[in-house]
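All of the numbers you see were taken from the coordinates with simple rules; none came from a lab. Since this is a predicted model, take the numbers as computed values, not measurements. Quick reminder, even Gly has a Cβ in these numbers, built from the backbone with ideal geometry, and neighbours come from all protein chains shown.
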């Protein structure tokens, strides 16, 4: 600290010994020159632009492929009818058969309690990787209560499910 003070005192003495002549103005300070832009500054926007164009291309290809696949069976039948004037029976295939009834969907998996942070004012729990508070919705359940070791879930019909922490 004393070195800084000593340097300041020396600078003041030097100014007193050699004062600037009256009427002389201090030179104006010029703004610092900016460096010309480099190629690195354009790489990031270029990469982002390329990714956007690539994403649009692949989305467009997926849409075109989906449209062609849906109409390919219909266009084959139409082409066969146009070529021969005689009625051509439609080939028996899975596309002409009535669609099979879909198998019943499996019941949703049971929610899994992964952790509880208990506080008297505002507790929260982690269920299936999601943070929930009292009153939050979790699939078909609503969080009714969070205690130190359990979380109580309630369905719309009033049935309840109690989840406990595994020991």
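Of the DSSP beta bridges with both residues in the stretch 105-167, give the percent that are antiparallel, rounding to the nearest 5. Walk me through the numbers before you get to the answer.
Details: 19 of 19 bridges.
The antiparallel fraction comes to roughly 100 percent.
Exposure proxy for 116, 126, 4: other Cβ atoms within 10 Å of each Cβ, ordered fewest to most, give 4, 126, 116.
Of 124, 42, how do they rank once you tally other Cβ atoms within 10 Å and put the fewest first?
Ranked by crowding around the Cβ, least crowded first: 42, 124.
Residues 110, 145, ranked from the fewest to the most other C-beta atoms within 10 Å, line up as 110, 145.
Please compute the modelled spin-label separation between residue 10 and residue 137, points set 7 Å along Cα→Cβ, answer in nm with one decimal. Placing both labels 7 Å along Cα→Cβ, they lie 7.6 nm apart. Overall shape: prolate for the stretch 113-164, with the ratio a/c of the largest to smallest alpha carbon gyration tensor axis at 1.5 or above and a/b above b/c.
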